[in-house]
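A short worksheet on the structure shown next.
The values are calculated or read from the model by the stated rules, or taken from the named source; none is laboratory data. In this text, all values refer to a predicted model and were calculated from it rather than measured experimentally. Here the Cβ is made from the backbone with ideal geometry for all residues, glycine too, and neighbour counts use every protein chain on show.
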Amino acid sequence: MRRILDGWTGTTARGVQVRINADDREWQARSGTARTGSTAPVPRDGTFRAGSVTKTFVATALLSLVGEGRVVLDAPVTRYLPGALPDWDRSTVRNLLQHTSGLYNYTLDVYVSSADFVRKRFKHWEPADCWRWPPGTRCGSSREPVMSTRTPTTSWSEW
């Protein structure tokens, strides 16, 4: 594992941190530096932003719950997260999975450039700031309207 991590930090990443928990045991490894221009190693207890990769894991877990009959795709989100956001009952679980819930993707504003990120990284978002359009009308991961791919044999509602 050490060789693999060192290989990543030598070619594609500044620093790498891995932690594996199994039963009552934990294993950690790190390689590289914590910051550009620094020789400080990646901290053993470091944190990081996982970002978009988590969408796949969340969707898989959620669809497993749908398959078990514990979550209904067309149910309002308030059934499972009561009071999480105002007007949350307008969006369904399906809308969340399709990124058409009406929630705004704040990263479109925060991550425009490195300078924007530094300026806006601690911005506080009020719940009312999160709603930008009616559910089902726009994809929250872009500025574009939802494209219709409806044909006689398929529709978004079948997904």
Quiz item: In segment 21-53, what count of residues is obtained for those that are among the β-branched types (Val, Ile, Thr), at pLDDT below 80 and surrounded by 10 or more Cβ atoms within 10 Å (Cβ to Cβ)?
Solution: 0
Exercise. Given the conditions (1) modelled with pLDDT under 80; (2) assigned by TED's automatic domain parsing to the domain that holds Cys130; (3) of a type in the set (Ser, Thr, Tyr); (4) surrounded by fewer than 11 Cβ atoms within 10 Å (Cβ to Cβ), report the number of the one that Thr107 does not fulfil.
Key: (4)
Quiz item: Right, Arg35: touching a residue at least 24 places away in the same chain (Cβ under 8 Å) and either out of contact with any Cys (no Cβ under 6 Å at 6 or more places or on another chain) or not assigned by TED's automatic domain parsing to the domain that holds His124 (or both) or not?
Solution: no
Quiz prompt | Sole residue being closer than 24 Å to Cys130 by Cα, of a type in the set (A, V, I, L, M) and in contact (Cβ under 8 Å) with a residue 40 or more places away in the chain, chosen from Leu85, Leu73, Leu62, Leu81 | solution = Leu85
